[in-house]
Amino acid sequence: MNEHSETLLNLRVITPEDYPALAAIMDTVYPDIGGAWPKATIQALINAFPDGQICIEDNGQLVAAALTIKVNYNRYSSRHTYKDIVSDKEIAKHDDHGDALYGLDVFVHPDYRGLRLGRRLYEARRELCRALNLKAILAGGRIPGYRNYSDELSIDEYIAQVTRKEIYDPILSFQLANDFDIKRLLHKYLPEDKKSRGFATLLEWDNIFYDEDTESVHSAEKTIVRIGVAQWQMRTVRSLEDLLSQTEFFVSSLSDYQSDFALFPEFFSAPLMGLAPEKSPVEAIRFLSEFTEEIKTRMSQMAVTYNINIIAGSLPAEHDNRLYNVSYLCHRDGHIDEQYKIHITPHEKRDWVLDGGDIIKVFETDAGRVGILICYDSEFPELARKLAEQDVQILFVPFWVDTKNGYLRVRLCSQARAIENECYVAIAGSVGNLPRVDNVNIQYAQSAVFSPSDVYFPHDAVITEATANAEMMIYADVDLAKLKLLNTEGSVNNLKDRRLDLYQIKFKD
């Protein structure tokens, strides 16, 4: 993964100028079935259905793509061949009035396999299917692994064993892992595909939100966002790899549940201070800061690999010989934002000699406008109100406290921030103990996700919460559209009803 440490991904539609790069990848990936499609075919797809031709670029270089058309569901959910989809002149048969998507192809440059770019392209297709209010996504899937088993297994036996994960097929296994169901076997789908012996599977992903009485909607704006929270167990570690292995376990698990965000607690890297138990508190926190750059880099790689935005709790970071408490937002496209803790607790000043930052900001993500308030910052309403003035939708609060009193300060203030600023707030803390680490020896947490308090939300304004003091993960689906409704038609309008003729929040800089 280190070769992709500078990865910066961007998902966009394909343009005619992309053809040389796209053709080069297709030639690399498909030497056995003819390589790249003609330029005229790609141009025809772009002209006919531009939203269906999607690619991913890394620092401006095209590295993966998905080609898609619209078809009539009743026609192509039954038996057909590749030539029914693509004519002899290699022109895809797009139907602008079709009620289903048909996946023509998904391909990834070999150097970028392992980053789950194919899964990201499949998710983009699903979002397009929902946005256009189409019935399903159909695809004729090759079965290239069958050539290794065709002498001993019938095609039905092979598919059954792939489905049970007894055999791995590079295409079928991937499609099954992306929630496609096998609808039927297609005979002589692509006769020149020797690896598949001419067979293919007709795969289908159903859009459960399809409404046949509603006209297609041409906006793919994401309104339902899934927040994943890691309630982190502090435990002794033997190395940085130990800590990162535990981190990746949570990231992978939260990604498996298709979370858009993964939130970690404040100072979740503290177990690394146990590697130098002889150091004083001031020395120990500076020792801990030496790991921060590597942790940040590795978590950014995880964000790309697992296709999830990560709020990396908080980590000590040294700049100009001063030490700060910093939260890194690792976007799943590869870029990183940072939020410094503004208010430093008496303990952090006294025992660790930390300094506070002086900038508070909202970050644009592919799943909403978010802000980060590190622990103590959640107890100062001015900060969240400043973010609300920038239309923040979700506030993330990574925290570390040692007593229930401290926890309740964070919880109650976070709930207040959700109500007064008409936004969602997620809090994440750590549990357990670290006997060999001074000042981080015990923790108390009950992580949760809060909503505003009105008829559109849960009666107690708590969407979900963890069991107190137990290591676990929690998930919450939040509806960003409800925030707009609350702002205009809520029982009360906290943001609209402010007396700006009497007061305002003004930062000195």
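The values are calculated or read from the model by the stated rules, or taken from the named source; none is laboratory data. Just so we're clear, the structure is a prediction, and the values are computed from it rather than from any experiment. No Cβ is skipped: glycine too gets one built from the backbone with ideal geometry, and neighbour counts run over all protein chains shown.
Restricting attention to region 239-279 and to residues that are among the small types (Gly, Ala, Ser) and without any contact (Cβ under 8 Å) to a residue 24 or more places away in the chain, the residue that is surrounded by the fewest Cβ atoms within 10 Å (Cβ to Cβ) turns out to be SER245. Sort through ARG197, ARG184 and tell me the only one that's assigned to a strand (DSSP E or B) and either farther than 16 Å from TYR82 by Cβ or not hydrophobic (A, V, I, L, M, F, W, C) (or both). From the options ARG197, ARG184, the qualifying one is ARG184.
Selection within region 249-282: residues that are touching a Ser or Thr at 6+ places or on another chain (Cβ under 9 Å) and of a type in the set (D, E, K, R). The member of this set that is farthest from ILE442 (Cα to Cα) is ASP260. Scan region 415-440 and report the pairs whose first residue is free of Cβ contacts under 8 Å to residues at least 24 places away in the same chain and assigned to a loop (DSSP other than H, G, I, E, B) and whose second residue is of a type outside the set (Ser, Thr, Tyr) and buried (at least 24 other Cβ atoms within 10 Å of the Cβ), with Cβ atoms within less than 8 Å and a gap of 6+ or a chain change. As it stands, the answer is none, since no pair meets every condition given. Exactly one residue out of LEU132, LEU186, LEU176 is touching a Ser or Thr at 6+ places or on another chain (Cβ under 6 Å) and crowded, with 18+ Cβ neighbours inside 10 Å, and it is LEU132. One residue stands out among those in region 136-151 that are charged (D, E, K, R) and surrounded by fewer than 20 Cβ atoms within 10 Å (Cβ to Cβ): the one that is nearest to the chain's Cα centre (by Cα), which is ARG147.
Just wondering, is there one or more residues in region 32-40 that are farther than 27 Å from ARG184 by Cβ, touching a residue at least 24 places away in the same chain (Cβ under 8 Å) and in a helix (DSSP H, G or I)?
yes
Can you name the residue in region 314-366 that is hydrophobic (A, V, I, L, M, F, W, C) and closer than 15 Å to VAL397 by Cα and is also surrounded by the most Cβ atoms within 10 Å (Cβ to Cβ) among such residues? Before the answer, list the steps.
First, the residues of region 314-366 that are hydrophobic (A, V, I, L, M, F, W, C): 315, 317, 323, 326, 329-330, 336, 342, 344, 352-354, 359-360, 362-363.
Applying the additional criterion that residues be closer than 15 Å to VAL397 by Cα yields 315, 326, 329, 342, 344, 360, 362-363.
Working: LEU315: 25, VAL326: 23, LEU329: 22, ILE342: 18, ILE344: 20, ILE360: 20, VAL362: 20, PHE363: 20.
Selected residue: LEU315.
When only residues in region 357-382 that are small (Gly, Ala, Ser) and assigned to a strand (DSSP E or B) count, which is modelled with the lowest pLDDT?
Selected residue: GLY368.
Taken across region 441-459, residues that are without any contact (Cβ under 8 Å) to a residue 12 or more places away in the chain, out of contact with any helix residue (DSSP H, G or I) (no Cβ under 8 Å at 6 or more places or on another chain), part of a loop (DSSP other than H, G, I, E, B) and surrounded by fewer than 24 Cβ atoms within 10 Å (Cβ to Cβ) do occur, with at least one present. A count restricted to region 145-166 and to residues that are touching a helix residue (DSSP H, G or I) at 6+ places or on another chain (Cβ under 8 Å) and assigned to a loop (DSSP other than H, G, I, E, B) stands at 4. Take LEU104 and decide whether it is within 30 Å of THR7 (Cα to Cα) and in a strand (DSSP E or B). So LEU104 passes the test. Just one of (1) of a type outside the set (A, V, I, L, M, F, W, C); (2) surrounded by fewer than 13 Cβ atoms within 10 Å (Cβ to Cβ); (3) in a loop (DSSP other than H, G, I, E, B) fails for ASN47. It is (3). When you go through (1) part of a loop (DSSP other than H, G, I, E, B); (2) modelled with pLDDT of 90 or more; (3) not charged (D, E, K, R) one by one for THR68, which number turns out not to apply? Looking at each condition in turn, THR68 falls short on (1). Within region 221-238, the set of residues being without any contact (Cβ under 8 Å) to a residue 60 or more places away in the chain and touching a Ser or Thr at 6+ places or on another chain (Cβ under 8 Å) is empty.
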